[in-house]
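Contents: one structure, followed by commentary.
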Amino acid sequence: MKNLRLKAARAAKDLSQEALANLVGVSRQTINAIERGDYNPTIRLCIDICKVLGKTLDELFWE
Amino acid sequence: MGAFIPVILPICIGLIFLGIAIALASLEANRYDERQKLVRGNAYAAAFHILLIYTLATHLAEIWLERPWCTPMTNISLSLYLPLGAFLLIAVGKDAYTRPKGSPRRTGVALLIAGGIMLAYAVFEWKRRGILTPEGLVDLPLHFLAGPVFLLSGLLQLWRCRRAAKEDQK
């Protein structure tokens, strides 16, 4: 299932996938895979993404 | 002192290899992100299974033919490059070959050049000495297998880069 909330939060911060990937220390393809719903990130990566985007885990990852 | 050398030498060599393994493991852990490590783990597993299947197939062929079907060097090349090819194709195909801060395009070009050179050398060797020994054993040059493996991986890597660039444009 696509994670459109993550995509929207990233776009709201005016960050590209590459920029977000650099900020959380992963590859661009990993961010792309999370947004497409092809990869379930670990809680550690979810927290890192939430911190960078200024959102809570619930807002980005809870269904 | 000389009497202890047969005991000390293997221990020293073992410690050196252990040190190298630990250094490589820590380097590996810091280089790839979590998704890439997962993909690489699956790729290593696939490579291991291919090696097992190849070993089984070779032994069955030897039992059936009642002699080896290829030279020892060809056997070594196949058992090296079949798993390596599987690993490279899976890792490159799922964007887990180049570390997050690396350059996938540069990796692709390097693989392509290495593969091209190996394949050209393999064709030269193949024309020079043929593919069968006088005893009828298959004798593939080492680069005959390595060339296509690296070439395919390079092409796949560059194709992935192109696709990523298109995704970025969207």
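We did not get these values from a lab; they are worked out from the coordinates using the rules stated. The structure presented is a predicted model; accordingly, all values stated were derived computationally and were not measured. Neighbour counts run over all protein chains shown; Cβ positions are idealised from the backbone, glycine included.
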For chain A, run through the chymotrypsin sites (Phe, Trp or Tyr not before Pro) and keep only the ones in DSSP coil with at most 16 other Cβ atoms within 10 Å of their Cβ. A:Trp62
For A:Tyr39, other-chain or 5+-apart residues with amide H closer than 5 Å (H placed, Pro excluded) are A:Ile34
Just how far, in whole angstrom, is the stretch B:1-22 from the stretch B:84-157 if you go by their alpha carbon centroids? 35
Calc'd 3J(HN,Hα), the stretch B:97-104, phi into Karplus 6.51 cos²θ - 1.76 cosθ + 1.60 (θ = phi - 60°), Hz, glycine/Pro = x, comes to 8, 9, 5, x, 8, x, 10, x
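Find the relative contact order for chain B and round it to a whole percent, using C-alpha pairs within less than 8 Å whose residues are 6+ positions apart. Intermediate results must be reported in sequence, preceding the final value.
Details: 161 pairs, mean separation 43.6, N = 170.
Once normalised by length, the contact order is 26 percent.
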Modelled label-to-label distance, A:Lys7 and B:Glu135, 7 Å Cα→beta-carbon offset: nm? 6.1
Which shape class, rounded, prolate or oblate, goes with the stretch B:69-131 when its Cα gyration tensor gives a ≥ b ≥ c as root eigenvalues, a/c under 1.5 marks rounded, and past that a/b bigger than b/c marks prolate? oblate
How much length is gained if the chain between B:Leu52 and B:Arg106 is pulled fully straight, taking 0.36 nm per residue apart and subtracting their Cα-Cα distance, in nm to one decimal? 16.2 nm
Honestly the stretch B:35-170 on the Cα gyration tensor test (a ≥ b ≥ c root eigenvalues; a/c under 1.5 rounded, otherwise a/b vs b/c for prolate or oblate) is just oblate
Cα-Cα longer than 24 Å, checked against A:Lys2/B:Lys37; B:Lys37/B:Lys101; A:Lys51/B:Lys166; A:Lys2/B:Lys94; A:Lys51/B:Lys94, kept in input order, equals A:Lys51/B:Lys166; A:Lys51/B:Lys94
Taking chain B as a Gaussian network, Cα atoms linked when under 10 Å apart, which of B:Gly41, B:Gly136, B:Gly115 shows the biggest mean-square fluctuation? B:Gly136
Show me, for the stretch B:45-62, the HN-Hα J-couplings you get by feeding each phi into the Karplus relation (A = 6.51, B = -1.76, C = 1.60, θ = phi - 60°), rounded to Hz, glycine and proline as x. 4, 4, 4, 5, 5, 5, 4, 4, 5, 4, 4, 4, 4, 5, 5, 5, 4, 5
Report ³J(HN,Hα) in whole Hz for each residue of the stretch B:113-126, in order, from the Karplus equation J = 6.51 cos²θ - 1.76 cosθ + 1.60 where θ = phi - 60°; Gly and Pro get x. 5, 4, x, x, 4, 4, 5, 4, 5, 5, 5, 4, 5, 4
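Is the C-alpha gyration tensor of chain A telling us rounded, prolate or oblate? Criteria: a/c under 1.5 is rounded; beyond that, a/b larger than b/c is prolate, otherwise oblate. Intermediate results must be reported in sequence, preceding the final value.
Values: a/c = 1.20, a/b = 1.08, b/c = 1.12.
It comes out rounded by the Cα gyration axes.
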Once both label points are put 7 Å beyond Cα along the C-beta direction, the B:Thr71-B:Phe17 separation in nm becomes 2.8
Linear extension gain, B:Leu9 paired with B:Leu155, 0.36 nm per residue minus alpha-carbon span: 48.1 nm
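In whole Å and largest first, what semi-axes does the C-alpha gyration tensor of the protein assembly as shown yield when each eigenvalue is scaled by 5 and square-rooted?
Numbers: eigenvalues 366, 125, 55 Å².
Over the Cα atoms of the protein assembly as shown, the ellipsoid semi-axes are 43, 25, 17 Å.
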